[in-house]
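Mind having a look at this structure? Questions to follow.
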Amino acid sequence: MTESDREDALDLLETGLREVPAYRWVLGEKAPAHAYRWYGEVLFAENLAGMYGVFDESGRLIALAAISEPGRAKGIVDADLKERNRYYVRTLDGFVERFTEFRRANAEASVADESIGIIFGLVHPDHRRSGVLSRLVDAIVEKGRRQGLPVTAGTADPVMSAVYTRRWKSVVRAEYTLTDGPTVWVHRVDPPAHAER
């Protein structure tokens, strides 16, 4: 993915993040669509170096995932986005408290010192149940195996949690429940040399 893919990525992020229970909780149940697009902009700017996309035959972006890796710095948020950050922080009721809790809970539920972390994975509604997300995650798990690093991912979707366990033989190493919000299960897929730990 490159900067030129921004608008397509934001279209997918705007709709996809609304379906992710943890992001819906962070932004608030009554958050407008443009708030999801803003949050998508933040995720895109911070994680562009670790973003992977899948495009269909016509060049349309149909799936998107972002990962973190040891030693990789977050991307730079420009002045325009910083100004919008200030706007949404002030106008989304309870956002600061929820965001702070979410960050703290994620940090406390860390399940590996050094790992490749799946930040999110989204598929366009027209392409779900086609194996696109599985292929994206397969590539990330394989990257972890090649580098000898565990792959971690959190999900508040019990169906996705079961898929991680079944397909990638992940183990739930931590879980937390957000205040009046969803429970998040944190999975870890170990590379072969660590699988028996």
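The values are calculated or read from the model by the stated rules, or taken from the named source; none is laboratory data. Just so we're clear, the structure is a prediction, and the values are computed from it rather than from any experiment. In this analysis, Cβ positions are derived from the backbone assuming ideal geometry, glycine residues included, and neighbour counts consider all displayed protein chains. What goes into the accessible areas is simple: the full protein's heavy atoms, side chains included, and nothing from ligands, DNA or RNA. Shrake-Rupley method; radii C 1.70, N 1.55, O 1.52, S 1.80 Å.
Given the options R103, R84, R129, name the one that is among the basic types (K, R) and part of a loop (DSSP other than H, G, I, E, B).
R129
Still on this structure: Consider V77 carefully, then state whether it is closer than 25 Å to G28 by Cβ, open to solvent by 30 Å² or more (accessible area, probe 1.4 Å) and among the hydrophobic types (A, V, I, L, M, F, W, C).
Answer is no for this residue.
Here's another thing I want to ask about it. Quick one: count up the residues across region 146-197 that are within 15 Å of the chain's Cα centre (by Cα), more than 20 Å from P70 (Cα to Cα) and of a type outside the set (V, I, T).
Residues that pass the stated criteria total 6.
Check A153 against each of (1) touching a helix residue (DSSP H, G or I) at 6+ places or on another chain (Cβ under 7 Å); (2) of a type in the set (A, V, I, L, M, F, W, C); (3) open to solvent by 40 Å² or more (accessible area, probe 1.4 Å) and name the one condition it does not meet.
Every listed condition holds for A153 apart from (3).
Moving on to the next point. If you take the residues of region 105-130 that are acidic (D, E) and under 16 Å from G71 (Cα atoms), which of them is least open to solvent (accessible area, probe 1.4 Å)?
By that ranking, first place goes to E114.
Look through region 56-73, keep the residues that are more than 18 Å from G131 (Cα to Cα) and under 14 Å from the mean Cα position of the chain (by Cα), and return whichever of them is most open to solvent (accessible area, probe 1.4 Å).
The selected residue is S68.
With open to solvent by 40 Å² or more (accessible area, probe 1.4 Å), over 30 Å from A31 (Cβ atoms) and either at pLDDT 95 or above or of a type in the set (K, R) (or both) as the only criterion, which of R146, R86 stands out?
R146
Of all residues in region 158-190, which are closer than 20 Å to W25 by Cβ, open to solvent by less than 30 Å² (accessible area, probe 1.4 Å), touching a helix residue (DSSP H, G or I) at 6+ places or on another chain (Cβ under 7 Å) and part of a strand (DSSP E or B)?
Within region 158-190, Y176, V184, H187 qualify.
May I pose another question? Quick one: in region 1-55, of everything that is hydroxyl-bearing (S, T, Y) and surrounded by fewer than 18 Cβ atoms within 10 Å (Cβ to Cβ), which residue is nearest to S134 (Cα to Cα)?
Y52
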